[in-house]
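The values are calculated or read from the model by the stated rules, or taken from the named source; none is laboratory data. Computed from a predicted model, the values in this text were never measured in an experiment. Using ideal geometry, Cβ is built from the backbone for each residue, glycine included, and neighbour counts are taken over all protein chains shown.
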Amino acid sequence: MALRRLKFLGYVAGLLVVVLGGSYLFAPQWLVSADIKRQAMVAHVEKHSVQVGDTKWVYYEGGQGPTLLLLHGFAASKEVWLKQMELLTPHFHVIAPDLPGWGESSRVEGASYNIDAQVARLQGFVDALNLPKVVLIGHSMGGAIAGVFAAEHPEHVAELALLDSFGLKTNENEFSREAMAGKNPFVFDNREQFAKATAWAFAKPLDIPGRFQDVLIKRNQENRAFINQTFNELREPSQYLSLQNRLDKLGMPVLGLWCHDDKIIDISALDSLRNGLKNAAAISTSMMTGCNHMPIMEKPDETARILTQFTLSH
């Protein structure tokens, strides 16, 4: 009997190897989706959706306590926040949506998805969920959306945290020169181009299996027209200075958190933030080393600690 059980377990193990190996080779998107579900489970968040006007918002939600609303950056999705949510849900009620047009949230053909348009959509999302005053946390493009929203709708925002945020005056760097010349560093068609694109955002090369990279490349290609459209919209001065022009309207406590060696949003943006906050109730700044543009993924524990301290100190 014991020998039969061992043989049966051996058959099962062999079958799993075949199934998983076949999935990796021929259906890697299945394994990517399965891993995302695993991460969401570990983070104690569930996926929900809500229809607001012509937009379907898909978002993660979990935890109890003060509400933190997390906004992702350009060409990203709610999944970039999963590790942060794992660290934050023990203390806070956390919501991370796919911004309209990105991830699983819907987009309207021909509509604008610049900072101002997204701020208007965010107002509808906050109203639809009947959220209390939130701690609004934005990374990169999401930082500009968060900052402009806080300036225009301060009644909804208790505190504001900006992580390597777009929308501020910065010193010129290689990324900004390429962007203003019309070259979009966020598009890629093969693994070599994928490696170059991610090198803009991460200090160390990403350890992602090749077939998983192929899934991300395919998604990038499928969304290419939208990525290029939005990229071009954000190259307008009204957009890349959208937050800079409203800093004096921010009256709540504000945190600026940057990676010192950010290749996309130069560290000089942190000085622009500090110098422009004339009326903020409190100003906190933190600068990290050993990361590039993605502290939420490159330095998750340190980022979560800083966000927790900031939230609980006001």
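Brief remarks follow.
- The single condition among (1) part of a helix (DSSP H, G or I); (2) farther than 18 Å from residue 169 by Cα that residue 314 does not satisfy is (1).
- In segment 29-83, counting only strands (runs of 3 or more DSSP E) that sit wholly within it, the ones holding 3 or more residues that are in contact with a Lys or Arg (Cβ under 9 Å, 6 or more places away or on another chain) and not basic (Lys, Arg) span 46-52, 55-62.
- Of residues in segment 42-63 being buried (at least 17 other Cβ atoms within 10 Å of the Cβ) and of a type in the set (Val, Ile, Thr), the one nearest to residue 92 (Cα to Cα): 45
- Residue identified as of a type in the set (A, V, I, L, M, F, W, C) and under 21 Å from residue 173 (Cβ atoms) among 241, 255: 241
- In summary, helices (runs of 4 or more DSSP H) completely within segment 190-302 and bearing 2 or more residues that are within 21 Å of residue 118 (Cα to Cα) occur at 224-234, 237-240.
- Residue pairs whose Cβ atoms lie under 6 Å apart, separated by 6 or more positions or on different chains, with the first residue in segment 85-100 and under 12 Å from residue 307 (Cβ atoms) and the second in a loop (DSSP other than H, G, I, E, B) and of a type in the set (A, V, I, L, M), are 85/43; 85/45.
- Listed conditions (1) of a type in the set (A, V, I, L, M); (2) modelled with pLDDT of 95 or more; (3) assigned to a helix (DSSP H, G or I) are all met by residue 179, apart from (2).
- Test: residue in segment 271-294 that is within 19 Å of the chain's Cα centre (by Cα), of a type outside the set (Phe, Trp, Tyr) and farther than 30 Å from residue 196 by Cα: no
- Complete set of residues in segment 252-300 that are among the polar types (S, T, N, Q), out of contact with any strand residue (DSSP E or B) (no Cβ under 7 Å at 6 or more places or on another chain) and either at pLDDT below 95 or more than 17 Å from residue 176 (Cα to Cα) (or both): 275, 279, 289
- Residue 71 being surrounded by 19 or more Cβ atoms within 10 Å (Cβ to Cβ), under 26 Å from residue 197 (Cα atoms) and in contact with a strand residue (DSSP E or B) (Cβ under 7 Å, 6 or more places away or on another chain): yes
- Restricting attention to segment 94-135, the residues being part of a helix (DSSP H, G or I) and more than 12 Å from residue 52 (Cα to Cα) number 5.
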